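A.B. asks: Mind looking over this structure? Questions follow.
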Amino acid sequence: MVERSGEEAPVASRRLSSLRLRILFLICLVAVPLSIERIMALLADRQDQIQSIKDDVRDLVRRATLAQLEGLTRARTVLDVVSRQAESLLEDPDTCLRFVTRLADQVAGIQGVFIATPEGDVKCAHAPLVMGVNIADRPFFRQALAAEDMFMTDLFFSGISGRNSVFLLRTERAPSGKPLAVAGIILDLQWLSRIAAGSAVESGAVVDVVGEGGAVLVRYPTLADVVEHRFPDHPLTRHIMAAEEGVVATIGYDGKERIFAFNRFEGLDLRVVVGIDTAKVLTPIDAKIQTTAIAYFAALGCFLLVSWFAAERIVITPIARLTRSVAAVGRGEADHVKDNNVAEFAPLVRAFNEMARRLSQRNSELRTMNGRLASLARTDGLTGLANRRTFDVQFSQDWVRARGDGAPLTLVMLDVDHFKAFNDARGHLSGDEALRGVARMLSAAATGTTHLVARYGGEEFIVLMSGVDLAAGRAFAEDVRRLLSEVAIAHPASPRRRLTASFGVASAIPTLDDSPDTLVAAADAALYEAKRSGRDRVVANTDRFAGGANGTFA
C-alpha cells in the first residue's frame, strides 16, 4: 500500500505540471500570432500616420494656394482693367496718374502700376522715378509685346527700384493686332509673404512660392539664403516642376528633409509649396511605436509568468466545475449548465456591458459632431453666412433648375467701400465687427425669402435670388444700402464719414448656351461700375451677360 501511494504521487504531479505547460503553450499559440499582428498593426499605424500627414500637408497647400490665389487674382483683375483702358488713359496723363496711384495705394498685393507705349516709353506710372523711362530694351517688355495674353516675368533685379521684382504685363491691341499700349503690375512680394505666413503660422509648416526656374519669390519663415534666390537644379525644384500638383518627401531649399505638397497656379508658372519637417513628425510616431511595443511584450511576459502560478486556481478549477456541470447535463441530471458564479467572469461581463453603453454614447456624440462639422463646412466662420463653397453649389443647382423652368435668376453682389482704409483707421477687430453688421443687414433683408446670402470673399458679399427679376434684385439692393446708411457706422477715412457699400445687380433666364460664370461676371461688372461712378450706390447690368466697358448699366 505504501509503495502504491508513492507511485501515484509523481503521476499526479506530472499531470499538474503537464496541464500548466499545455495552458502556457496554448497561450503562446494565441499570443505569438497576436504579437505579430500587433507589430504589423503598429507599422500600419505608422503608415497611416504618414498618410495622414500627407493629407494634412496636401490640405495646407490647398489653403495656402487659395490664399495666394486671391491676391494674384486681384492683381490679374486690376491688370485686365488697366490694360483695357490703357489707350484712353495715355491720352489723359493727369487722369491716368491719379488712376494708377489709387490702384497702387488701395489694392492689396500690388506694389505699383505703369502704362507704356508700344515703343517702350513709360507715360504713366505710380512712381515718379519710372516716368519717362524707356524699357524697350528690357526682355520682359519684348516678351509682353509678343505674348497673346497676360504674361508674368521671372524674378529679376530692377535697376529703377533697386530690388528684386516680378511683373504682370499685358499688351492692349487693336482689332488688327497692332499693339496700342502695354500695361504692367508690379507684384508686392512682401504682401505675398504675409499671406504665406498666415497660411503656415498655425501648422508650423514652411511655405514657398516658387517661380520659373526655381526662383523662390516668397518664403515663410523668411530665410535670407533662400528667398529671392534661384535653385534651378535643386531636387525639390525638379519634383515640383515635373507635375501640376503632388506630394513628395525630399530635401528643402534650407537642406532639411521634409514632406512637401505643391500646387501650380492655373495660367501662371507659379507653384505654392508647403513642407512639414519629417524628423519632427516621425520621431514622436516612432517613439510611440517603440513604447507601445515594449509595453505590450512586457505585459505579455508578466501574463505568462502569472499564468504559470495561477493556472490551477484561476483556470483549471473553473474549467473543472464547468466540466462537471456539462457532464451533469450530458447524463440527464440537469436541464441547463449552471452558472458557476465565477467572480473573475462577472467584472468582464459588466465591463462589456459598460463598454457597449459608452460605445452607444460615443456614436451619438460622433453623429452630433459630424453634424456640426458639416455645418462649419457650409458656413463662413466670421459672419455666420453661407461660405463661397456653399454658394457655388447652390448656384449650380439653381442654375440648372432655372434653366429647366425658364425662370429668372438674379445676383446681387456688394463690396464694402474703402474697407482697407476702414481697417487702417479703426483696426481689424472693428473691421470684422463691421462685416458682421453688414451680414446681419443682408440676413434681415432676406428674412422670409428663399434668397441665399453668402460671403463671397474678403469684404464682398453675394445674394442668390431664384425666380426674381432684375427690378426686384435692384430693389433688394437699395433696401440693404438704405439700412446700411441708417445704421451709420462711423468711417473716418470715407468721404461720407460713414461705412457704405457698392452694389452690382445682374439677372438672366439661363439657357443651354449660357454659363453660370457669365452671370457672376455681369454682376461683378455692375459692381465695378458702381465703384467707378462714386460708390454707395446700386448699379444694375441691363444687358444680358454684358460687362465692363461694353455693358449697359442703370
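The values are calculated or read from the model by the stated rules, or taken from the named source; none is laboratory data. Note that the coordinates shown come from a computational prediction; the quantities given were computed from them, not determined experimentally. Every residue, glycine among them, receives a Cβ derived from its backbone with ideal geometry; neighbour counts consider all protein chains shown. Surface accessibility is based on the protein's heavy atoms, side chains included, excluding ligands, DNA and RNA. Shrake-Rupley method; radii C 1.70, N 1.55, O 1.52, S 1.80 Å.
The rows are residues; the columns are (1) in contact with a Gly (Cβ under 9 Å, 6 or more places away or on another chain); (2) closer than 14 Å to MET413 by Cβ; (3) modelled with pLDDT of 95 or more.
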site	(1), (2), (3)
PHE461	no, yes, yes
GLY467	no, no, no
SER494	no, no, no
LEU512	no, no, no
ASP517	no, yes, no
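A.B. asks: Now for a separate question. Restricting to segment 474-509, count the residues that are closer than 17 Å to ALA444 by Cβ and either open to solvent by 60 Å² or more (accessible area, probe 1.4 Å) or not hydrophobic (A, V, I, L, M, F, W, C) (or both). Give the derivation first.
C.D. replies: Within segment 474-509, the first condition is being closer than 17 Å to ALA444 by Cβ, and the residues that meet it are 475-489, 499, 501, 503.
Okay, now just the ones that are also either open to solvent by 60 Å² or more (accessible area, probe 1.4 Å) or not hydrophobic (A, V, I, L, M, F, W, C) (or both), so 478-479, 481-482, 485-487.
Counting residues in segment 474-509 that are closer than 17 Å to ALA444 by Cβ and either open to solvent by 60 Å² or more (accessible area, probe 1.4 Å) or not hydrophobic (A, V, I, L, M, F, W, C) (or both) gives 7.
A.B. asks: May I ask you to say which residue of PRO221, PRO235 is open to solvent by 10 Å² or more (accessible area, probe 1.4 Å) and under 21 Å from the mean Cα position of the chain (by Cα)?
C.D. replies: Numbers: PRO235 fails: under 21 Å from the mean Cα position of the chain (by Cα).
After applying the criteria, what remains is PRO221.
A.B. asks: Something else now. Name the one entry in ARG403, ARG362, ARG350, ARG357 that is surrounded by 10 or more Cβ atoms within 10 Å (Cβ to Cβ) and either under 26 Å from the mean Cα position of the chain (by Cα) or at pLDDT 90 or above (or both).
C.D. replies: Numbers: ARG362 fails: either under 26 Å from the mean Cα position of the chain (by Cα) or at pLDDT 90 or above (or both); ARG350 fails: either under 26 Å from the mean Cα position of the chain (by Cα) or at pLDDT 90 or above (or both); ARG357 fails: either under 26 Å from the mean Cα position of the chain (by Cα) or at pLDDT 90 or above (or both).
So the residue among ARG403, ARG362, ARG350, ARG357 that is surrounded by 10 or more Cβ atoms within 10 Å (Cβ to Cβ) and either under 26 Å from the mean Cα position of the chain (by Cα) or at pLDDT 90 or above (or both) is ARG403.
A.B. asks: Quick check on THR410: is it among the polar types (S, T, N, Q), open to solvent by less than 20 Å² (accessible area, probe 1.4 Å) and under 20 Å from VAL520 (Cα atoms)? Please lay out each step first, then the result.
C.D. replies: Details: among the polar types (S, T, N, Q): yes; open to solvent by less than 20 Å² (accessible area, probe 1.4 Å): yes; under 20 Å from VAL520 (Cα atoms): yes.
Yes; evaluated as a whole, the condition is true for this residue.
A.B. asks: Being open to solvent by less than 60 Å² (accessible area, probe 1.4 Å) and over 30 Å from LYS288 (Cα atoms) narrows it down to one residue among VAL57, VAL113; which is it? I'd like the intermediate steps shown before the answer.
C.D. replies: On the way: VAL57 fails: over 30 Å from LYS288 (Cα atoms).
After applying the criteria, what remains is VAL113.
A.B. asks: For segment 93-104, what are the residues that are open to solvent by 70 Å² or more (accessible area, probe 1.4 Å) and either outside any helix (DSSP H, G or I) or among the aliphatic types (A, V, I, L, M) (or both)?
C.D. replies: LEU97
A.B. asks: When only residues in segment 445-468 that are in contact with an Asp or Glu (Cβ under 7 Å, 6 or more places away or on another chain) and closer than 12 Å to THR390 by Cα count, which is most open to solvent (accessible area, probe 1.4 Å)? Quick ask: steps written out before the conclusion?
C.D. replies: Initial filter on segment 445-468 (in contact with an Asp or Glu (Cβ under 7 Å, 6 or more places away or on another chain)): 445, 455, 457, 459-460, 464, 466.
Checking the rest, the ones that are also closer than 12 Å to THR390 by Cα come to 455, 464.
Values: ARG455: 44, LEU464: 2 Å².
Only one residue tops the list, namely ARG455.
A.B. asks: Something else: Tell me the residue from ASP80, ASP56, ASP45 that is among the charged types (D, E, K, R), under 30 Å from THR101 (Cα atoms), assigned to a helix (DSSP H, G or I) and modelled with pLDDT of 75 or more, please. Steps first, answer last, please.
C.D. replies: Values: ASP56 fails: under 30 Å from THR101 (Cα atoms); ASP45 fails: under 30 Å from THR101 (Cα atoms).
None of the others qualify; the one that does is ASP80.
A.B. asks: If you take the residues of segment 423-442 that are small (Gly, Ala, Ser) and assigned to a helix (DSSP H, G or I), which of them is most open to solvent (accessible area, probe 1.4 Å)? Don't jump to the end; show me each part of the working.
C.D. replies: If we filter segment 423-442 for residues that are small (Gly, Ala, Ser), which is where we start, we get 425, 427, 430-431, 434, 437, 439.
Of the ones still in play, those that are also assigned to a helix (DSSP H, G or I) are 425, 430-431, 434, 437, 439.
Values: ALA425: 57, SER430: 36, GLY431: 0, ALA434: 5, GLY437: 8, ALA439: 2 Å².
It comes out as ALA425.
A.B. asks: Being open to solvent by 40 Å² or more (accessible area, probe 1.4 Å) and small (Gly, Ala, Ser), is that true of even one residue in segment 384-394?
C.D. replies: Checking segment 384-394: at least one residue is open to solvent by 40 Å² or more (accessible area, probe 1.4 Å) and small (Gly, Ala, Ser).
A.B. asks: Here is a follow-up. Kindly list, by first and then second residue, each pair from a residue in segment 24-43 that is more than 27 Å from PRO284 (Cα to Cα) and in contact (Cβ under 8 Å) with a residue 24 or more places away in the chain to a residue that is among the hydroxyl-bearing types (Ser, Thr, Tyr) and surrounded by 15 or more Cβ atoms within 10 Å (Cβ to Cβ), limited to pairs with Cβ atoms under 8 Å and residues at least 6 apart or on different chains.
C.D. replies: LEU24/SER307; ILE27/SER307
A.B. asks: Still on this structure: Just wondering, is there one or more residues in segment 255-263 that are open to solvent by 50 Å² or more (accessible area, probe 1.4 Å) and either within 21 Å of ASP154 (Cβ to Cβ) or in contact (Cβ under 8 Å) with a residue 60 or more places away in the chain (or both)?
C.D. replies: To start, the set of residues in segment 255-263 that are open to solvent by 50 Å² or more (accessible area, probe 1.4 Å) comprises 255-257.
Among the residues that remain, those that are also either within 21 Å of ASP154 (Cβ to Cβ) or in contact (Cβ under 8 Å) with a residue 60 or more places away in the chain (or both) are: none.
No, segment 255-263 has no match at all.
A.B. asks: Of all residues in segment 454-495 being in a strand (DSSP E or B) and among the charged types (D, E, K, R), which is farthest from the chain's Cα centre (by Cα)? Give the derivation first.
C.D. replies: Filtering segment 454-495 for residues in a strand (DSSP E or B) gives 454-457, 460-466, 490.
Remaining after also requiring among the charged types (D, E, K, R): 455, 460.
Numbers: ARG455: 16, GLU460: 19 Å.
Here the residue is GLU460.
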